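Structure record follows, encoded as structure tokens.
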Amino acid sequence: MQEDIETINRRTFLKLGASGLATAGGASFLPRLVAEQGGKREAPTRPVMLRSSSLEVSLDGTDGLLFEYRLLKSGIPFKGEGSGAALNVRLCRRKPWGFAGVMARPTESRVSEHSADFRFTAMYAPNAPGADFTLRYTIEACSIRVTLEEVREHDGFELISIAMPSLVCVDEDERDAWLAHGDAGGDMVALREAKAGKLGLNTFWGEINGILPVIMAGHSGAVCVQETTAFMDGTLLSVTGEAPNRRACLGTTKVFRVDGGACYDMNLGRGAARNCGNKSTPNLIVDQKSACRLDFLEPATGVAPLSWIDGAKLVRARMPGIPNHFYDDKFIYGIRTDEPKFPKPSATFERCEEMIRNVHALTDGSPQLVHLWG
């Protein structure tokens with residue numbers, strides 16, 4: 001987490017219409033968010049097209065970013081990156097130690113029947129290349145996969161992450177536009193009822209949605225589902241603009257290394273001093289390919305419009321089965337034993353034993369699983 005961002009509670013983020021949260025912490029992140037997404041991307045002068053039996057995708061060959069999706073049966077379009085901004089890359093220079101966010105455009109591209117590769121070189125300074133990498137877009141039926149490939153770091157530099165905050169965007173003037181997320185219990189809202197904001201950072205994991213990294217948007221009866229399939233990649237959801245020109249965007253941060261210069265609150269509570277990395281803190285490589293997928297669902301002729309429930313059914317259908325039934329038929333709870341901000345432990349081991357015995361008696365000896373945490 002690079003900035004001291006005043007975040008909005010995840011359960012209330014999408015209830016913006018009633019709570020007026022556009023001003024809650026707005027000064028710290030909204031100007032940057034509007035700057036990122038406040039422009040307009042014109043139709044590509046160098047379009048790159050991918051097509052399947054169900055979906056047509058247009059990419060901007062100048063920036064290597066997704067421009068538009070079109071569902072072939074219904075003709076319903078979805079916007080891609082709409083602000084006109086180039087790809088934003090975070091680099092680390094080891095000596096002297098420092099970080100920089102730089103814009104990058106592709107130096108070459110390779111297009112096949114079902115995929116498009118864009119090769120980038122991120123420059124730390126005009127004469128200092130930091131890292132080379134490839135963004136690969138692969139189409140299959142009604143899905144697009146976006147993966148990070150072929151990373152090569154130059155001597156003295158490390159690739160941290162790549163920000164892609166608007167893979168798919170929905171505008172308020174599109175019929176029945178809405179957005180939803182699946183984190184912390186999930187929520188959804190009509191775009192016409194939303195105000196500017198973004199899904200807040202997780203206290204422990206930053207942009208990572210550790211519960212369910214699935215977000216959605218839809219209009220005109222069609223649905224787009226984004227699933228972040230890499231465990232350290234960020235899941236981004238934002239609303240920008242004001243009525244009647246609000247825009248909702250789904251996006252991701254593609255993480256190659258864990259940011260050693262980041263700051264964390266270490267569960268010390270709001271407003272406490274934060275622990276930040278220094279030049280001796282390593283930027284650890286994530287041992288998994290950075291990836292996410294976009295799935296598009298369109299309504300059949302004469303059938304009711306689709307909703308977030310249809311997107312949820314799609315995600316559930318491809319989830320693997322439960323690998324272990326150890327937790328079945330057990331009473332599960334946690335005991336908060338201690339935190340650094342507590343003057344003394346809230347529960348000693350002896351007190352934990354006492355609580356476990358009491359629960360055992362209250363549940364007539366039912367099996368229990370107890371997590372001691374803090």
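For this structure, a couple of remarks:
- Looking only at the stretch 241-258, and only at residues there that are over 30 Å from Asn278 (Cα atoms) and out of contact with any Leu (no Cβ under 6 Å at 6 or more places or on another chain), the one that is least open to solvent (accessible area, probe 1.4 Å): Cys249
- Residues of the stretch 229-240 satisfying the condition of being of a type outside the set (A, V, I, L, M, F, W, C) and open to solvent by less than 10 Å² (accessible area, probe 1.4 Å): Asp233, Gly234, Thr235, Ser238
- Selection of the stretch 337-352 for residues being of a type outside the set (A, V, I, L, M, F, W, C), open to solvent by 50 Å² or more (accessible area, probe 1.4 Å) and within 17 Å of Asp265 (Cβ to Cβ) yields Asp338, Pro340, Lys341.
- Yes/no for Ala217 being open to solvent by less than 40 Å² (accessible area, probe 1.4 Å), in a loop (DSSP other than H, G, I, E, B) and either more than 30 Å from Ala141 (Cβ to Cβ) or in contact (Cβ under 8 Å) with a residue 24 or more places away in the chain (or both): no
- The lone criterion from (1) surrounded by fewer than 23 Cβ atoms within 10 Å (Cβ to Cβ); (2) farther than 19 Å from Val258 by Cα left unmet by Val225 is number (1).
- Pairs are defined by a Cβ separation below 7 Å, a sequence spacing of at least 6 or placement on different chains, a first member in the stretch 323-343 that is at negative phi, and a second member that is open to solvent by 100 Å² or more (accessible area, probe 1.4 Å) and in a strand (DSSP E or B); the pairs so defined are Gly334/Trp373; Arg336/Trp373; Thr337/Trp373.
- Those residues of the stretch 146-170 which are out of contact with any Cys (no Cβ under 7 Å at 6 or more places or on another chain) and among the acidic types (Asp, Glu), in sequence order: Glu149, Glu150, Glu153, Asp155
- From the list Gly302, Gly321, the lone residue that is open to solvent by 10 Å² or more (accessible area, probe 1.4 Å) and closer than 30 Å to Arg70 by Cβ is Gly302.
- Boolean, Arg105 is modelled with pLDDT under 85 and either in contact with a strand residue (DSSP E or B) (Cβ under 9 Å, 6 or more places away or on another chain) or of a type outside the set (Val, Ile, Thr) (or both): no
- Residues of the stretch 327-350 that are farther than 30 Å from Val225 by Cβ and aromatic (Phe, Trp, Tyr): Phe331, Tyr333, Phe342, Phe349.
- Wholly within the stretch 262-374, strands (runs of 3 or more DSSP E) carrying at least 3 residues that are within 30 Å of Val168 (Cα to Cα): 291-297
The values are calculated or read from the model by the stated rules, or taken from the named source; none is laboratory data. Computed from a prediction, not measured in an experiment: that's the story for all the values here. All Cβ positions, even for glycine, are placed from backbone atoms using ideal geometry, and neighbour counts span all protein chains on display. With ligands, DNA and RNA removed, areas are computed over all heavy atoms of the protein, side chains included. Shrake-Rupley method; radii C 1.70, N 1.55, O 1.52, S 1.80 Å.
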